[in-house]
Amino acid sequence: MKKILLIIVSLSVVYATATAQDLKKDIFGVRVGFNLSTATMLYQDSKVTPDSKLGINLGFSYQRLLSTGTPVYFETGLFFSDEGIKIKNERTHITSNLDLMYLKIPLILNYHIAALDNNQAIKPFAGLYLSHGIGGKSKKTGETSINSFSKGMFNTFDFGFKLGTGLAVSKFYFCVTYELGLANISADNETDAKNRNWAFSIGYNF
């Protein structure tokens with residue numbers, strides 16, 4: 001029994017050492033995918049339940065190895081993210097389509113859990129994101145559309161938590177992310193709104 005345990009430990013050490021030696025210090029990647037975004041909303045202290053909006057996300061990422069002996073990476077990048085919400089008033093039959101386009105910077109840590117052939121890895125991650133609104137149109141039924149970030153509409157700044165997991169297969173990357181906004185993005189004093197977003201993406205690491 002002791003010999004078996006010794007063999008298992010020895011193999012584990014050899015594998016860990018080999019994996020550590022194969023870790024890249026810098027990883028650059030491109031990503032593209034889609035969002036399912038919504039928001040938690042209160043209007044005059046009454047809860048509003050908006051519908052989700054489908055949008056795209058795309059950008060590039062950069063990962064930096066923090067320790068040569070442990071597969072922990074700091075990850076950042078720059079992304080375009082098309083988000084927003086749709087609100088239907090069943091009483092008045094008025095629909096509001098609110099489109100919010102952001103530039104996003106992730107600030108996260110991820111951990112690479114390598115498979116036995118070291119060609120695949122599961123990469124759970126968690127951290128923060130920072131967003132700046134750059135455009136988008138808001139429109140109510142029967143009215144002219146206006147800029148979503150015009151005065152009295154939405155604030156341009158947003159930030160929040162970001163967590164999820166990725167799967168790397170060779171140089172290809174698949175990812176599911178959830179973002180929980182912490183900032184009130186509404187510029188209307190009677191409304192409190194915070195972003196919620198599911199993001200699904202594929203990519204390629206260089």
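What is the range 33-130's relative contact order, in percent, from Cα pairs under 8 angstrom and six or more apart in sequence?
Details: 209 pairs, mean separation 21.9, N = 98.
Relative contact order comes out at 22 percent.
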Would you kindly derive the ³J(HN,Hα) couplings of the range 124-130 from the backbone phi angles with the Karplus curve 6.51 cos²θ - 1.76 cosθ + 1.60 (θ = phi - 60°), listing them in order in whole Hz, with x for Gly and Pro? x, 8, 7, x, 10, 9, 10
If the cut-off is 20 Å between C-alpha atoms, which aspartates and glutamates fall inside it for LYS194, apart from same-chain ones fewer than 8 positions away? ASP45, ASP51, ASP82, GLU83, ASP99, ASP158, GLU179
As straight-line cross-link partners of LYS171, the qualifying aspartates and glutamates (C-alpha separation under 18 Å, not fewer than 8 residues apart within one chain) are ASP22, ASP26, GLU75, ASP117
Net charge of neighbours whose Cβ lies under 14 Å from the Cβ of SER138, counting Lys and Arg as +1 and Asp and Glu as -1: +1
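Which of the trypsin sites (Lys or Arg not before Pro) found in the range 141-206 are in a DSSP loop and have at most 10 neighbouring Cβ atoms, other than their own, within 10 Å?
Numbers: sites: LYS151, LYS162, LYS171, LYS194, ARG196; in loops: LYS151, LYS171.
Qualifying residues, ordered by number: LYS151.
So for the chain, averaging the separation of alpha carbon pairs under 8 Å that are six or more residues apart and normalising by length, what relative contact order in percent results? Spell out each step's value before the answer.
Working: 550 pairs, mean separation 41.7, N = 206.
Relative contact order comes out at 20 percent.
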Work out from phi, with θ = phi - 60° and the Karplus expression 6.51 cos²θ - 1.76 cosθ + 1.60, the ³J(HN,Hα) of each residue of the range 95-110, listed in order in whole Hz, and give x for Gly and Pro. 10, 10, 9, 10, 9, 10, 9, 10, 9, 10, 10, x, 9, 9, 10, 10
Label zone at TYR111 (point 7 Å along Cα-to-Cβ), backbone N below 20 Å, the range 122-141: 122-129
On the formula 1/(1 + (r/R0)^6), with r taken between the Cβ atoms of LYS88 and ASN119 and R0 of 45 Å, the FRET efficiency rounded to 0.05 is 0.40
Which ³J(HN,Hα) values in Hz, rounded to whole numbers, follow from the phi angles of the range 190-202 under the Karplus curve 6.51 cos²θ - 1.76 cosθ + 1.60, where θ = phi - 60° and Gly and Pro get x? 8, 10, 10, 9, 10, 5, 9, 8, 9, 10, 10, 8, 10
Assuming 0.36 nm per residue, please report the length gained on full extension of the stretch ILE146 to VAL32 beyond their Cα-Cα distance. 38.3 nm
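Taken together, the values in this text are just the output of simple stated rules run on the coordinates, not laboratory data. No experiment lies behind these values; they were computed from the predicted model shown. Neighbour counts run over all protein chains shown; Cβ positions are idealised from the backbone, glycine included.
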